[in-house]
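Have a look at the structure below, then the notes.
The values are calculated or read from the model by the stated rules, or taken from the named source; none is laboratory data. As the structure is a prediction and not an experimental result, all values here were calculated from the model. Cβ atoms come from the backbone with ideal geometry, glycine included; neighbour counts cover every protein chain shown.
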């Protein structure tokens, strides 16, 4: 197991792509078992890769998704079924095997992607932050499972993460990265405890490592208590668990600091301190005090059960629970993005159940960054205020305040498109907080994509914001640290129900549900079957004393014990077997077995506690490519070389060739006929693109997005594309004829003189309308696909920001569709240069040469006049023009991709 640890943009994913063969290094080599594989294709490397985002096939079931790589590998059906079900059981996906990925929660979708990679038994498994979007407890469980999977598979695992704790739990070896370079590589405990420099220490520390600059002059240090050192400047570093609020050792160095804020993780309390302008973080073990609902029909149950709760104005609440428990649904009901099927929602006694989002005056920040890409950071932050008509002076002042709070005052004039994910999420946070008059601020797991070092800062800023402004805040998260730090009251949800509401101390010390005990704390509470009699509890392996006396308890009884309250002893207590020890830096987690029951123990940091892979290459595989090479040679290369031959030679008699050089090209470039045809072609192409692109976008915007009608409309839109070109030309020739055509007959009856065979303008109009009828559906389908790829969170954010329909199109839909629209323009432009059959059947290129476009002129030259030399030269020039156009569009598309 190897871990790549570093913040966003440190180079982790780039390094993984090089390992996988998705990219090639500009310099250096990649060796596999001593063999250079730098140029080896990704298909030949037997690699599996899991990404941070959910990458599944939406039309397949979960079973089919997991089985897909095995089917491509030719594994027999029985083996596929066995391995898929085994992997699904490990990933807790067995009940969902027949469901589609889009029917699952986010955490379940990522489990499906992870299962598809693990089922392959690949030699190299690359995991690119695969647990980042999973709920806290599932991440905790999978961190335990992945090393076991690694040990059983015999493969090389490379795991990229921004989380130091993941590196400690997973990594046999860890490489720390910073700004594209590896700062240190070695066994994980060694890198953690003996960093070679301050950069490595910063990367491998969560919470952040504390630093104290000092200097030594004349043998005396500027900070008392430092060891004897030569004269010079130094930087002392110490971790939060090495900072105590009281003198814990005779030789401890004492500092005066101001307590700024506390953060509760359940089992620990972190204190943020100010030491003369320097921000430090310390750790204390333990916890220290320094009717609403919706029932959405689903395949088996409702998203939310009955809820009846009061939320106090000005309080900070956290909705805490695992993925799929109903947190986001409840949040969207409060904001008005969802309407409950039963019950009511009251704001200050006013029923707002059916009130639209805009009337509720709610601000919401979503899990993934929702920004308006074409706007600057300043305009993004100002957007909600301007939509509400606030004066520009107030807007500017408020934007400056929020930008300073989120640390983006130096980036206000930069476009949002090119920023990193955490910078975009900071914009989303700022846009949610920019309005002072909101009834409530709702946060839907806003720190999911934020680096751990930035999370500490933003959590502190959010808590300070609540303290300063007193807004009602509701924070959805599956991370107990975020919930316990942020909230005055934590609402724990399980299976669509609220199982407990309380302070962090109450949830940790007095859970009212087994899920609360399990979910709060890392690890969660140990639950053991017990028989209680008075002040004694009989548990597997012996008897333990209770804090109070209880009467006879009937039914199932479980004893809950926090891992922090269990101590290891050589000669006392209950007998346990230690299975595994996990070093997380500030303490150790001991996984033990108590008479067949799991028992987790947290021990202090200083407590003493007693594969080969073969790879073969199929050198005969290239024989399979021979038919393709032969087909390409006969269909493309040989005809092209024939054209080149005719373009530079002239003929005399039968098959007598002599060199003509560039003569045909010179004749064409001085030919008025060719330039006229090119002019007509460019005008035609510009007109149809100017019509079809806006019309296609309009059609796509008005197409149904889901349901039966969406499928019907998609089929109808595809029909024109299935009709052959010559049939289209024949249909429109008949349709437009003056004597029998419906169009010509109708116009004649209305007294309009229409004849496309005699009037050039009528001929042009007919050909343009025919092309628009035939190809607009292609543009509409491409635009529709682009619209479907836009996450719902963007539309929800726009509703909350009170953006008009035009602004939604301008700042969300159009920028997000830019890529597919460029493809549509490229396809239509290139296709318009190749148009021949349709206008030739309708007008024959006439009247006169009015509709003789480049393709028609080329055919007339080659087949009508049999001028093979000029026609061949014409074809080559045509080919080069198409290549140039393709290169221009490729450059544009590449720039679009880099920008967004």
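May I ask you to say which residue of 448, 460, 477 is under 27 Å from the mean Cα position of the chain (by Cα), under 19 Å from residue 139 (Cα atoms) and surrounded by fewer than 23 Cβ atoms within 10 Å (Cβ to Cβ)?
Within the list 448, 460, 477, the selection yields 448.
Yes/no per residue for (1) modelled with pLDDT of 85 or more; (2) part of a helix (DSSP H, G or I); (3) surrounded by fewer than 19 Cβ atoms within 10 Å (Cβ to Cβ):
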| position | (1), (2), (3) |
| --- | --- |
| 764 | yes, yes, no |
| 770 | yes, yes, no |
| 774 | yes, yes, no |
| 811 | no, yes, no |
| 817 | yes, yes, no |
| 822 | yes, yes, yes |
| 825 | yes, yes, yes |
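Which of the residues spanning region 406-445 are on the phi > 0 side of the Ramachandran plot and either touching a strand residue (DSSP E or B) at 6+ places or on another chain (Cβ under 9 Å) or buried (at least 22 other Cβ atoms within 10 Å of the Cβ) (or both)?
445
Yes/no matrix, rows are residues, columns are (1) assigned to a helix (DSSP H, G or I); (2) in contact with a helix residue (DSSP H, G or I) (Cβ under 6 Å, 6 or more places away or on another chain):
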site	(1), (2)
508	yes, no
524	no, yes
533	no, no
546	no, no
567	no, no
572	no, no
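Of all the residues that make up region 198-224, how many are in contact with a strand residue (DSSP E or B) (Cβ under 8 Å, 6 or more places away or on another chain), over 25 Å from residue 587 (Cβ atoms) and assigned to a loop (DSSP other than H, G, I, E, B)?
Adding up the residues that qualify gives 2.
If you go through region 139-146 one residue at a time, do you hit one that is surrounded by fewer than 21 Cβ atoms within 10 Å (Cβ to Cβ), farther than 23 Å from residue 116 by Cβ and not assigned by TED's automatic domain parsing to the domain that holds residue 494?
No.
Quick one: which residue in 371, 395 is more than 20 Å from residue 335 (Cβ to Cβ), out of contact with any strand residue (DSSP E or B) (no Cβ under 8 Å at 6 or more places or on another chain), at pLDDT 85 or above and crowded, with 16+ Cβ neighbours inside 10 Å?
395
For region 831-869, how many residues meet the condition of being part of a helix (DSSP H, G or I), surrounded by fewer than 18 Cβ atoms within 10 Å (Cβ to Cβ) and modelled with pLDDT of 85 or more?
Count: 1.
Which ranges mark the helices (runs of 4 or more DSSP H) fully within region 331-438 that have 1 or more residues being within 24 Å of the chain's Cα centre (by Cα)?
377-387, 421-433
Inspect region 628-645 for any residue being farther than 30 Å from residue 569 by Cα, in a loop (DSSP other than H, G, I, E, B) and either at pLDDT 80 or above or in contact with a strand residue (DSSP E or B) (Cβ under 8 Å, 6 or more places away or on another chain) (or both) and give the result as yes or no.
No, every residue in region 628-645 fails to be farther than 30 Å from residue 569 by Cα, in a loop (DSSP other than H, G, I, E, B) and either at pLDDT 80 or above or in contact with a strand residue (DSSP E or B) (Cβ under 8 Å, 6 or more places away or on another chain) (or both).
Can you find a residue in region 30-48 that is within 25 Å of residue 785 (Cβ to Cβ) and assigned to a helix (DSSP H, G or I)?
Checked region 30-48: no residue is within 25 Å of residue 785 (Cβ to Cβ) and assigned to a helix (DSSP H, G or I).
Hey, any hits in region 266-280 for a residue that's within 24 Å of residue 208 (Cβ to Cβ) and modelled with pLDDT under 65?
Yes, because at least one residue in region 266-280 is within 24 Å of residue 208 (Cβ to Cβ) and modelled with pLDDT under 65.
Which condition number in (1) surrounded by 18 or more Cβ atoms within 10 Å (Cβ to Cβ); (2) in the same structural domain as residue 600 (by TED's automatic domain parsing); (3) at pLDDT below 85 is the one that residue 530 fails?
Every listed condition holds for residue 530 apart from (3).
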